[in-house]
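The values are calculated or read from the model by the stated rules, or taken from the named source; none is laboratory data. What you see is a predicted model; the values in this text were computed from it and never measured. A quick note on method: Cβ atoms are made from the backbone with ideal geometry, for glycine too, and the neighbour counts reach across all protein chains shown.
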Amino acid sequence: MPASKRVRVQETSPRRDPERTRKALLAAAFHCVHRSGFQGTDLDTILEAAGVTKGALYHHFANKEALGYALVDEVIGQIVRERWLEPLQNAEDPIGRLIAIVQATPLQQEEVERGCPLNNLAQEMSPLDEGFRTRIAAQFHAWRGAIADAFRDGQRRGKVRGDVDAMETATFLVATFEGYVSLAKNAQDFRELQSGKKLMVRYLGSLRAAG
């Protein structure tokens, strides 16, 4: 899930507007963590990027971990919703919608270099912090669940093959997608992801109901 939805860092001082301050901190944290990882990002770097004071940060978040948890729940969660969950809601042709989502995955070098923000944090923080692990698991669960629900709805509409196990196939698709994103990141080569997108589109087409 490359971060194709840009999270904007506040350009004007947010100090006198608590909600803008909070949003600026989350946007700055997202960009810094996506670039350097959670452990590789210190609070001073986030504060400088957000243009706020340490006191303002502690007004909204008890510590760096609390900021990281909110980053997963709110910023990455929004990307998952906008990229996958919302487009699949009530889709008359879920296969076609999934193909469109996969094809729209960006291949820009910056996106390839940094990889998927959700999977990056899963690899880095899930073994180390239960708060991160459970929040990341919730995002993956919502992602897989949205695809599975779309498959079930498609089966009722006669759009998806009846022998498709909705949740198993959804899990396979998420794992395959994230795998190709990780391969592209490791190789620093968009062609790895480009190849994966073609194969995923072909596989999705095979799930259509006959006729």
Verdict on residue 98 being under 14 Å from the mean Cα position of the chain (by Cα), surrounded by 15 or more Cβ atoms within 10 Å (Cβ to Cβ) and in contact (Cβ under 8 Å) with a residue 40 or more places away in the chain
no
Restricting attention to the range 159-180, does a residue exist that is modelled with pLDDT of 95 or more, in contact with a helix residue (DSSP H, G or I) (Cβ under 9 Å, 6 or more places away or on another chain), charged (D, E, K, R) and within 29 Å of residue 33 (Cα to Cα)?
yes
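If I go through the range 25-42 residue by residue, how many of them are in contact with a helix residue (DSSP H, G or I) (Cβ under 6 Å, 6 or more places away or on another chain), in contact (Cβ under 8 Å) with a residue 24 or more places away in the chain and over 14 Å from residue 129 (Cβ atoms)? Full working, then the answer.
Going residue by residue through the range 25-42, those that are in contact with a helix residue (DSSP H, G or I) (Cβ under 6 Å, 6 or more places away or on another chain) are 25-26, 28-30, 32, 34, 37-38, 41.
Still in the list and also in contact (Cβ under 8 Å) with a residue 24 or more places away in the chain: 25-26, 29-30, 34, 37-38.
Still in the list and also over 14 Å from residue 129 (Cβ atoms): 25-26, 29-30, 34.
The qualifying residues number 5.
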The correct count of residues that are at negative phi and not in a helix (DSSP H, G or I) in the range 129-186 is 9
Closer than 28 Å to residue 112 by Cα and surrounded by 14 or more Cβ atoms within 10 Å (Cβ to Cβ) - does that describe any residue in the range 161-168?
yes
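Determine which member of the set 135, 81, 156 is out of contact with any Lys or Arg (no Cβ under 9 Å at 6 or more places or on another chain) and either farther than 25 Å from residue 204 by Cα or aromatic (Phe, Trp, Tyr) (or both).
Numbers: 81 fails: either farther than 25 Å from residue 204 by Cα or aromatic (Phe, Trp, Tyr) (or both); 156 fails: either farther than 25 Å from residue 204 by Cα or aromatic (Phe, Trp, Tyr) (or both).
Sole residue among the options that is out of contact with any Lys or Arg (no Cβ under 9 Å at 6 or more places or on another chain) and either farther than 25 Å from residue 204 by Cα or aromatic (Phe, Trp, Tyr) (or both): 135.
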Residue match in the range 52-71 (condition: part of a helix (DSSP H, G or I), of a type in the set (A, V, I, L, M, F, W, C) and either touching a residue at least 60 places away in the same chain (Cβ under 8 Å) or within 25 Å of residue 206 (Cβ to Cβ) (or both)):
no
List the number of the failed condition for residue 163; all other conditions in (1) closer than 19 Å to residue 93 by Cβ; (2) without any contact (Cβ under 8 Å) to a residue 60 or more places away in the chain; (3) within 20 Å of the chain's Cα centre (by Cα) hold.
(3)
Among residues of the range 105-122, those that are in a helix (DSSP H, G or I) and surrounded by 14 or more Cβ atoms within 10 Å (Cβ to Cβ), counted
9
Kindly indicate the residue of the range 123-160 that is of a type in the set (Lys, Arg) and buried (at least 20 other Cβ atoms within 10 Å of the Cβ) and also farthest from residue 26 (Cα to Cα) among those meeting that condition.
144
